[in-house]
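Okay, structure first, notes after.
The values are calculated or read from the model by the stated rules, or taken from the named source; none is laboratory data. These numbers were taken from a predicted model, which means no experiment stands behind them. With ideal geometry, Cβ positions are generated from the backbone for all residues, glycine too; neighbour counts draw on all protein chains shown.
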Amino acid sequence: MESKKTPFRKLVKLLPLLLTSMLIGTASAAVYYSMIMEPAVTITGATIRFIQGSDWPSGSSMGTNGTWVSLALKAYPNATLTYDQPLNLSNTDSSSHQFRLRHVSITPASSSASVGNFTFFNFVIKNAAGVSQASFNYTTSGDNWNTPSPTSYLTLPANTKWIVYIETKAAAGATEDIVASIVIAVDVLE
Amino acid sequence: MLSSSPLLPEFFALLGIDLILMLSLLTCLLDNRFPKAIPYVYQVVALAGFGHLLISREFLAIFGKYTRFWYCFFYLIVALANIVAANIYFAVSKGSRALVMGWFGAITFPTILVSTFFVSQYSLMPSAVLNLSLQIGVVLSAFLVGISMSIFLKPEFVKKLFRRKLEVK
């Protein structure tokens, strides 16, 4: 009888110890795992960035690291003004990457009476051969801007430069000397 | 860019915790040879090791790698010292020769071998993950563990073996 009781007693003693051991062991391993899996983030320059083109508009400014740009654009009343190569998008990496253009801000802001002086600002992304890849258009409705959604992601080949072509137009009879400043950013997919 | 880090000093604390937990379970199984409270004491020690890991993680930036290595290594040394102490306890107090040898072969020797290996390879770990000495060590440990476990679980087998030899003489 005693010999049958002994293993049972031992089992009753062992089972809680086994459970707590598993708990402590698993929790410790999880803590260690969380330590080794801490993300290591390496800061590098953006592989795709804006660079000034031959038609760079005066009064514009390049953002830090070329990841955004503030363009001071002119427009002629009732005539289209073209900036052939105000801005380039350059991939400095040895492999291709995907990017998109994203609207950040525009002045004069919507609801300002000055907005009605403009008709559109059309941005066209062209590849090295001059073929249109995507467009990014700002239009007006009365005193409000219709700002564009981000472009779809485009693939820029390694060590290649693409062109951002811009067309602007102001409304007939628009007030002169009103400058629109547009801030756009480039988002890069790794 | 995400990447996993190489072996951290906390690995030794983790190894120590696992050894302490193993000791807790073994002393529970051999409760007729150890004081009754010993398994629970080891559980508390393992829990303290877990707390030690948590603190190490929270203050990762404050403690240098050198400090972290030494306090984690100290915990591992404590765990190993307990294993050796248990072995000596068997030998000195009420252990049979087979149990002492079994404990040494199945527990003490492999744990010391594995711990020594990891400590010696610590600085080389990122570049040398599986070198020849590790392979030899693992094979040797596996043999010893296998033999020792059989002695540990069936000590009478060794006694019979010795008796036969004596009878033959």
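Here is a yes/no grid of residues against (1) more than 24 Å from A:Asn127 (Cβ to Cβ); (2) surrounded by fewer than 14 Cβ atoms within 10 Å (Cβ to Cβ); (3) assigned by TED's automatic domain parsing to the domain that holds A:Ala170:
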{"residue": "A:Leu17", "(1), (2), (3)": "yes, no, no"}
{"residue": "A:Met22", "(1), (2), (3)": "yes, yes, no"}
{"residue": "A:Ala27", "(1), (2), (3)": "yes, no, no"}
{"residue": "A:Val31", "(1), (2), (3)": "yes, no, no"}
{"residue": "A:Pro57", "(1), (2), (3)": "no, no, yes"}
{"residue": "A:Gly66", "(1), (2), (3)": "no, no, yes"}
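Restricting A:Ser181, A:Ser135, A:Ser90 to those that are in a strand (DSSP E or B) and without any contact (Cβ under 8 Å) to a residue 24 or more places away in the chain reduces the list to A:Ser135. What about A:Gly53, is it more than 30 Å from B:Leu21 (Cβ to Cβ), touching a Leu at 6+ places or on another chain (Cβ under 6 Å), surrounded by 17 or more Cβ atoms within 10 Å (Cβ to Cβ) and in the same structural domain as A:Gly173 (by TED's automatic domain parsing)? So A:Gly53 fits the description; yes.
Being assigned to a helix (DSSP H, G or I), away from chain A (no Cβ under 14 Å) and out of contact with any helix residue (DSSP H, G or I) (no Cβ under 7 Å at 6 or more places or on another chain) holds for only one residue in B:Ile107, B:Ile55, B:Ile77, and it is B:Ile77. Being within 14 Å of chain A (Cβ to nearest Cβ) and modelled with pLDDT under 90 holds for only one residue in B:Leu29, B:Leu25, B:Leu99, and it is B:Leu29. If you go through the range B:32-43 and pick out every residue that is over 17 Å from the mean Cα position of the chain (by Cα) and facing chain A (nearest Cβ under 10 Å), you end up with 3.
The residues of the range A:146-190 that are closer than 18 Å to A:Gln52 by Cα and acidic (Asp, Glu), listed by number, are A:Glu167, A:Asp187.
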